[in-house]
Each structure stands twice: as C-alpha cells, then as structure tokens.
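Novice: Attaching a single structure in structure tokens format; questions to follow.
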Amino acid sequence: MANIDFVVDYKGMMPGRHEINYRLDSKFFDLFPESEFQNGKINVDVVAEISSYGLKFDFDIKGYVETECDRCLDLFNLPIEGFFTLNVKFGDENSDPAEADDEITISFNETAIDLKHHIYEYVVLSVPARRVHPLGRDGQPTCNPDMRAALENLEAHDDAGGSEIDPRWEQLRNMYN
C-alpha cells in the first residue's frame, strides 16, 4: 500500500506484523527545507511489529537521491539502499528521538508515532560519504568531460613538478628517522 501520511496509529491496529510502503520524491524532501537533497525516488518498505510491550519498525530503503558529484560538481542520481531498525518502548514520557540511534521511548498515553523524521534520517544515513558518478562501460568515470579534462590537466601539472620535496617537509621527515 502506498502511503503519504507518515503517522502510524498503532493503538488502532491489531497486534502483529503490518507492512507499510512509502514512495518518496521531491514532495518528501520539501518537508525538510534544510536538506541537502531536494529530489529523488526512494521506496521505503516498513515492517511494523506491534505488541503491548512495544513497537519494532524495520525500514528497507532502496532508490536514488539527486546529489552533486564530489569530482565534477554535476548533479546525478546516486543509488542508495539501507536497512534500519527502530525499537520503540513505552514509558512515562517521550524520549528525545535525536538522542537515540535505534531505540526511543514514547509515553503510554500516545496513540500514534510519526515516522517522517526517522525515515529522513535513515535516507541520509544510506547516502555514501563519497558521492561520485559511477564508472561507465569503458571503466572510466561518467563525470562531466570538461571537468575531467581540467582535472587531468591539473594532475599533469602536479606530476611535472618533479620529485623535489619542500625542505620544511624534509626536516620533519628527518626528525622521525
């Protein structure tokens, strides 16, 4: 079932396993104006285990986000995927969700939980630290060809400098030999 409402009313659901599907796009990222991502297509399959003792949500994330390439600065669709679990315990008061990685506490008086921020955080955690265009069939990066040429030109200039070592670095090297 495709959903756009991220609030799960667990008190109104029977105990047991429930499957929820979210399809995220630019409208989802509009909910987070501070986000570095403003576009993407992501499928989030959530399996909710509901019991009188607590809740368990498994998030399976697959899709892509539009991001800037670290190498050539062009926008491209970066594939992402990840699997995350959120355990929810019942207690006297709500815990701060920002302080817990995979476990939060909500009040016995609550009847629903909003998963929007958790899903956003899991999407961000699914994005790799290094964001570069994938390699093409020829094994070369599919980056912007003009930027690739400029980078190769800079590398050629760096290599042309020879093997001279800055004397300051040479003095440091001698200190530890």
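The values are calculated or read from the model by the stated rules, or taken from the named source; none is laboratory data. Not measured: the values here are computed from a predicted model. Please note: Cβ atoms are built from the backbone with ideal geometry, for glycine as well, and neighbour counts cover all protein chains shown.
Novice: Evaluate the following for GLU19: is it exposed (fewer than 15 other Cβ atoms within 10 Å of the Cβ) and modelled with pLDDT of 90 or more?
Specialist: Yes: the conditions hold for GLU19.
Novice: Ok, one more. Only one of these conditions is not met by ASP5: (1) part of a loop (DSSP other than H, G, I, E, B); (2) surrounded by 14 or more Cβ atoms within 10 Å (Cβ to Cβ). Which number is it?
Specialist: (2)
Novice: Condition first: in contact with a strand residue (DSSP E or B) (Cβ under 6 Å, 6 or more places away or on another chain) and over 23 Å from PRO128 (Cα atoms). Now tell me which residues in segment 20-54 satisfy that.
Specialist: ILE20, ASN21, VAL47, ALA48, GLU49, GLY54, listed by residue number.
Novice: Continuing with the same structure: Do the conditions hold for VAL65, that is, is it in contact (Cβ under 8 Å) with a residue 24 or more places away in the chain and touching an Asp or Glu at 6+ places or on another chain (Cβ under 8 Å)?
Specialist: For VAL65, the condition - in contact (Cβ under 8 Å) with a residue 24 or more places away in the chain and touching an Asp or Glu at 6+ places or on another chain (Cβ under 8 Å) - is not met.
Novice: Let me ask something else. Taking into account only those residues within segment 37-90 that are among the aromatic types (Phe, Trp, Tyr) and under 25 Å from ASP114 (Cβ atoms), which is farthest from the chain's Cα centre (by Cα)? Quick ask: steps written out before the conclusion?
Specialist: Kept after step one, since they are among the aromatic types (Phe, Trp, Tyr), are these residues of segment 37-90: 37, 53, 57, 59, 64, 76, 83-84, 90.
The next check asks that each one be under 25 Å from ASP114 (Cβ atoms); those that pass are 37, 53, 57, 59, 64, 83-84, 90.
Details: PHE37: 10, TYR53: 30, PHE57: 17, PHE59: 12, TYR64: 10, PHE83: 11, PHE84: 11, PHE90: 28 Å.
Ranking the candidates gives TYR53 first.
Novice: Still on this structure, please answer the following. Hey, among the residues in segment 28-43 that are in contact (Cβ under 8 Å) with a residue 60 or more places away in the chain and assigned to a loop (DSSP other than H, G, I, E, B), which one's nearest to PHE76 (Cα to Cα)?
Specialist: PHE37
Novice: Let me ask something else about it. Just the residues that are crowded, with 16+ Cβ neighbours inside 10 Å and either modelled with pLDDT of 95 or more or of a type outside the set (Phe, Trp, Tyr) (or both), please, taken from segment 65-81.
Specialist: Hits for segment 65-81 are VAL65, THR67, CYS69, ARG71, CYS72, LEU78, ILE80.
Novice: Look through VAL123, VAL88, VAL46 and report the one residue that is crowded, with 17+ Cβ neighbours inside 10 Å and free of Cβ contacts under 8 Å to residues at least 60 places away in the same chain.
Specialist: Only one candidate passes the filter, namely VAL88.
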